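S.K.: Quick one: this structure, given as structure tokens, is what I'll be asking you about.
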Amino acid sequence: GTGANNDLYINQAVVFIEDAIQYRSINHRVDSKSLWLYRWYYSRTCQWILSLTITLILALAFIEKPSSLTVTSDVRYRLPAWNPPCGLTESIELFCFLVFMVDVSVKSYLIGWEEFWKNKWLMAYILTLIVSITDWVVSLSFFCAEDVRIRRILRPFFLLQNSSMMKKTLKSINSTLPEMASVVLLLAVHLSLFTMFAMLLFARTKDGQQEKEWVRYFRNLPDSLTSLLVLLTTANNPDVMIPAYSKNRAYSIFFILFTVLGNLFLMNLLTAIIYNQFRGYLLKSVQSSLFRRRLGIRAAFEVLSSLKETPANAEQSHVSVGALLQVLQKVEMDSRCKQAIMRSLKMCSCDQLSAAQFQKLFEELDKDAIKQHPPSPEYQSRFMQKMQFAFGHPYFGYLGNVVALANIVSICVVLVLDADKQPSERDDFFLGAINCFFILYYVLEMLLKVLAMGLRRYLSYPSNRFDGLLTVILLILEIATFAEYGFPHPGWRPEFVGLLSLWDMVRLVNMLIVFRFLRIIPNMKFMALVVTTLLDLVKNLRAFAGILVVVFYAFAITGIMLFKGAVVPLGNVRAVLYFKEKRDFMALFSHFQADVIFCLLYLLSVNLICRWTKIYFVAWWLISSVIWVNLFVALLLENFIHKWDRRCHREPLSDIEYQRTVELMFRDVLEEPTEEELMDKLHQHPHLQLCR
């Protein structure tokens, strides 16, 4: 009936607008049952369950055998780790697999059979689930005794496929690989040529001094290649050249030429090429997102124009204001945007909206989120007004920064004077006294600012919240110190009483005081610009962080399977692998936490390449240090340069904060899609039949 069709059109418009808000594709089923299922799937509850499931299955690596549940990772002192019984982690995995099966089933149904065969990610999702479940069954059949578990390496895929931004990032990286491969090939040629020169230059002779270079670094082709590869990362510089340099200074020319050509030219050339190829990544991504938003809004307009209550117009379609109000009541969107659109509709004198007017209404989604600070309290007393003026003035904040700097300087002086003293010789009277004085000033400063600005206005500034929180913590610690050890007096000794010694308490207070000094950043214009750029990068480039987690996880699991048990206490059993300094006995690849925290982070700067693990470590170095770090540098430069160029165009007012996202950063350079492009895309929709 007409009523049922109108309800369907309303629900379709609701979903299309929600797709536009979230930058989602509109190519999904649009019948009544599918729309209900679609909204249920993208509800906060379902997405939270899916995210929790992905986190849960990734976290299993910390408790699976070999477990990371030990206090120390030193194999000499570590007690046997608790390993879960067979079936515990497997039961959790089964639950996660069931959730993923529901997820892939719903996704496949919603996009339709024809679209499913075009979606490589969904097909890979199903294949990953099949392999994982098969491996899970095999694991149970062996009573969890097998060492190789393929499904553990595949787990990061569940995180990858759940993020559209990660998929876009991988696609951009894939398009950049051919250019990167040419420079990597040039690096390989450079490395090979200098390896041959080195083997000829430092060949074995009767000269004992030159033979040291041959024995240590250039004994054979693999050792020579490895030595120069590590030199390319500067990790073994200058160790690799010391024996030869000790014999003849002229040998340094070889190493200087290798370092200059490799590090200063080729590595920086690689960074330049990656930046050049990848610098448009953000802009292209945001342009695509803008097109999705405009397409979703236009699709909502087209279905609403099909309502029976809308008068037909041969030349141009219209949407009634009443129909749009019905849609807005059902749409889940930011209350600020919804109220702004409602106000615009009330101010509109017409009953019908054209496509341009309809699109203009939803441009509110593209605007900056503005946070206006509450007003200061109005005091009637003349004295209070003067107090408010004095302690609300920026100069009072500058005075606080000077006092904080004086506190830092005094702590440095005391630390320098007491650097060589034994704990029993230290007198903490002076440090305790100055800390007491400065903390009292910080508390007084906070109270006076609250008096001048009002509590709500004071808390509306992030810098004040940061400052106030640290001040309260410092006050609590100082009170606890006085309660435990009394007031500072000459001969104040760090004797152990209660939970922490006096010295521990004083150190903790001083660390917080040093951390509190970061309050000066908002008052320094260019420093604040750098910090906000970094914060924007952290907030808006989660896709890169996600892919980095995927790479870390996959390499960590692979390392555990390949090199498990390779490091053992040297005092008990002969070690297969060990560090350059024998005092280090960290259990390399013995469990997941050690693998991620130590090995891969350590190797991200390339400080270790062992004889039996060269291929693994070189692959990790290429992916992390050569490719991934350069990609991150490219994005950091693009973000910073764009923000730097905009710094003079608009300065935030004193009472207003503009909360920007990556989409809003590039809003002024984006191209609006034409009506022909939008309509052409809508006519290609696999499940939506338009009236025109």
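The values are calculated or read from the model by the stated rules, or taken from the named source; none is laboratory data. All figures in this text were calculated on a predicted structure; none of them were measured in a lab. Neighbour counts run over all protein chains shown; Cβ positions are idealised from the backbone, glycine included. Areas reflect the complete protein model, heavy atoms only, side chains present, ligands, DNA and RNA absent. Shrake-Rupley method; radii C 1.70, N 1.55, O 1.52, S 1.80 Å.
S.K.: Once fully extended, how much extra length lies between ILE126 and VAL472, figured as 0.36 nm per residue of separation less the alpha-carbon to alpha-carbon distance?
M.R.: Net length gain for the segment: 119.3 nm.
S.K.: At a Förster radius of 25 Å, what calculated FRET efficiency corresponds to the Cβ-Cβ distance of LEU670 and ALA181, to the nearest 0.05? The partial results should precede the final answer.
M.R.: Numbers: r = 31 Å, r/R0 = 1.25.
Once the sixth-power term is evaluated, E becomes 0.20.
S.K.: MET446: accessible area at probe 1.4 Å, nearest 10 Å²?
M.R.: 40
S.K.: Sort 288-301, 49-62, 4-17, 245-258 for me by packing, meaning the mean count of neighbouring Cβ atoms within 10 Å per residue, highest on top.
M.R.: Details: 288-301: 22.1, 49-62: 16.6, 4-17: 20.2, 245-258: 13.8.
Per-residue Cβ counts within 10 Å, averaged per peptide and sorted highest first, yield 288-301, 4-17, 49-62, 245-258.
S.K.: Charges only on Cβ, +1 for Lys and Arg, -1 for Asp and Glu: so what's the dipole of region 87-220 about the Cα centre, in debye to the nearest 20?
M.R.: Numbers: 15 positive and 12 negative charges, 78 e Å.
Dipole about the Cα centre, nearest 20: 380 debye.
S.K.: Among LEU129, LEU200, SER163, pick out the residue whose Cα is farthest towards the positive end of the charge dipole of region 94-217, where Lys and Arg carry +1 and Asp and Glu carry -1 on C-beta, about the Cα centre.
M.R.: It is SER163, whose Cα lies furthest towards the positive end.
S.K.: So if we plug the beta-carbon distance of ARG336 and LEU193 into 1/(1 + (r/R0)^6) with R0 = 51 Å, what FRET efficiency do we get, rounded to 0.05?
M.R.: Details: r = 62 Å, r/R0 = 1.22.
The calculated FRET efficiency here is 0.25.
S.K.: Here is a further query. As I understand it, the dipole of region 165-369 uses +1 on the Cβ of Lys and Arg and -1 on the Cβ of Asp and Glu, about the Cα centre. Which of LEU231, LEU295, TYR217 lies farthest toward its positive end?
M.R.: Farthest towards the positive pole: TYR217.
S.K.: Same structure again: Work out from phi, with θ = phi - 60° and the Karplus expression 6.51 cos²θ - 1.76 cosθ + 1.60, the ³J(HN,Hα) of each residue of region 145-153, listed in order in whole Hz, and give x for Gly and Pro.
M.R.: Result, ordered by residue: 9, 7, 8, 8, 10, 5, 5, 5, 5 Hz.
S.K.: Nearest 0.05, what FRET efficiency do ASN5 and SER349 give at R0 = 41 Å with Cβ-Cβ as r?
M.R.: Values: r = 29 Å, r/R0 = 0.71.
Using R0 = 41 Å, I get an efficiency of 0.90.
S.K.: What list of ³J(HN,Hα) values in whole Hz, one per residue of region 457-466 in order, does the Karplus curve 6.51 cos²θ - 1.76 cosθ + 1.60 (θ = phi - 60°) give from phi, with Gly and Pro shown as x?
M.R.: With coefficients 6.51, -1.76 and 1.60, one gets 5, 4, 6, 6, 8, x, 5, 5, 5, 4 Hz.
S.K.: In terms of solvent-accessible area of protein heavy atoms at a 1.4 angstrom probe, what is the ranking of CYS46, CYS86, highest value first?
M.R.: Working: CYS46 25, CYS86 75 Å².
Most to least solvent-accessible, the answer reads CYS86, CYS46.
S.K.: Taking only protein heavy atoms and a 1.4 Å probe, what accessible area per residue, in Å², does region 165-369 have with all protein chains in place? Mind dumping the intermediate values first?
M.R.: Details: 10430 Å² over 205 residues.
Heavy-atom SASA per residue in region 165-369 reads 51 Å².
S.K.: Still on this structure: Rounded to the nearest 10 Å², what accessible area does LEU325 have for a 1.4 Å probe in the complete protein model?
M.R.: Near enough 60 Å² of accessible area.
S.K.: Compute, for region 165-369, the length of the dipole vector about the Cα centre, with Cβ point charges of +1 (Lys, Arg) and -1 (Asp, Glu) only. Units Debye, rounded to 20.
M.R.: Numbers: 24 positive and 16 negative charges, 37 e Å.
Taking the Cα centre of region 165-369 as origin, the dipole is about 180 debye.
S.K.: Tell me, what HN-Hα J-couplings in whole Hz come from the Karplus equation 6.51 cos²θ - 1.76 cosθ + 1.60 at θ = phi - 60° for each residue of region 249-255, using x for Gly and Pro?
M.R.: Computed from phi, the couplings for region 249-255 are 4, 5, 4, 5, 4, 4, 5 Hz.
S.K.: What is the sum of charges around MET123, taking Lys and Arg as +1, Asp and Glu as -1, for the other residues whose C-beta is under 14 Å from the C-beta of MET123? If you can, show how the numbers build up before the last one.
M.R.: Details: positive: LYS107, LYS118, LYS120, LYS167; negative: GLU114, GLU115.
Charge balance in the 14 Å sphere: +2.
S.K.: Mind listing the long-range amide H neighbours of SER320? Cut-off is under 5 Å, sequence gap 5 or more, other chains count too, H placed in the peptide plane at 1.01 Å from N.
M.R.: Here the answer is LEU353, since their amide H atoms fall under 5 Å of that of SER320.
S.K.: Tell me the net charge near GLN359. Cut-off is 12 Å between Cβ atoms, GLN359 excluded, with +1 for each Lys or Arg and -1 for each Asp or Glu.
M.R.: After counting each charged neighbour, the total is -2.
S.K.: Okay, next question. Contour minus end-to-end for PHE640 and ILE253, with contour as 0.36 nm per residue of separation and end-to-end as the Cα-Cα distance? Please list the in-between numbers first.
M.R.: Numbers: separation 387, 0.36 × 387 = 139.32 nm, distance 3.82 nm.
Contour length minus Cα-Cα distance gives 135.5 nm.
S.K.: Using 0.36 nm per residue, how much length does the chain from GLU363 to PHE487 gain when fully extended, once their Cα-Cα distance is taken away? Write out the running numbers ahead of the final one.
M.R.: On the way: separation 124, 0.36 × 124 = 44.64 nm, distance 6.17 nm.
Working it through step by step, the gained length comes to 38.5 nm.
S.K.: Using 7 Å Cα-to-Cβ label points, what is the LEU622/ARG44 separation (nm, one decimal)?
M.R.: With each label placed 7 Å out from Cα toward Cβ, I get 4.6 nm.
S.K.: Oh, and also: Could you rank GLU676, GLU364 by how accessible they are, 1.4 Å probe, largest area first? Write down the numbers at each step before the final one.
M.R.: Details: GLU676 130, GLU364 30 Å².
My answer, sorted largest first, is GLU676, GLU364.
S.K.: Starting from the Cα of ARG382, step 7 Å along the direction of its Cβ; do the same at ARG219; then give the gap between the two resulting points in nm.
M.R.: 9.2
S.K.: Take GLN372 and ASP418, extend 7 Å from each Cα along the Cα→Cβ direction, and tell me the distance between the two endpoints in nm.
M.R.: A separation of 5.1 nm, rounded to one decimal place.
S.K.: If you rank GLU378, GLU445, GLU675 by how much accessible surface each has, with a 1.4 Å probe, what is the order from largest down?
M.R.: Details: GLU378 165, GLU445 5, GLU675 100 Å².
Sorted by accessible area, descending: GLU378, GLU675, GLU445.
S.K.: Let me ask something else about it. Past 30 Å, Cα to Cα, is the threshold; run LYS338/LYS449; LYS65/LYS120; LYS284/LYS330; LYS330/LYS681; LYS33/LYS346; LYS168/LYS614 against it and keep the listed order.
M.R.: Correct reply: LYS338/LYS449; LYS65/LYS120; LYS284/LYS330; LYS33/LYS346; LYS168/LYS614.
S.K.: Oh, and also: For region 214-307, what % of the accessible area comes from carbon and sulfur atoms, probe 1.4 Å?
M.R.: 60
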